[in-house]
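Worksheet: the structure to be examined is printed underneath.
The values are calculated or read from the model by the stated rules, or taken from the named source; none is laboratory data. All values reported here derive from a predicted model rather than from experimental measurement. Neighbour counts run over all protein chains shown; Cβ positions are idealised from the backbone, glycine included.
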């Protein structure tokens, strides 16, 4: 079971964004959660890099075709 550690609201345009930070009461549990979150973050960053590289290569290929 996770416990709410911090909760706050943020106004963005016409919307209200509610942020909630939760933690595990057990330090071992929290360490596992943090490890999983880090893995997800790393996977997302790698995916973003691959997408940017693919986009860059596609743009380069379009330019090459236009010149030919």
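For the reader, a short list of remarks on this structure follows.
- Just one of (1) exposed (fewer than 10 other Cβ atoms within 10 Å of the Cβ); (2) at pLDDT below 90; (3) in a helix (DSSP H, G or I) fails for residue 25. It is (3).
- Some residue of region 37-45 being surrounded by 10 or more Cβ atoms within 10 Å (Cβ to Cβ), in a helix (DSSP H, G or I) and in contact with a strand residue (DSSP E or B) (Cβ under 9 Å, 6 or more places away or on another chain): no
- Residue 64, sole failed condition from (1) at pLDDT 95 or above; (2) in a helix (DSSP H, G or I): (1)
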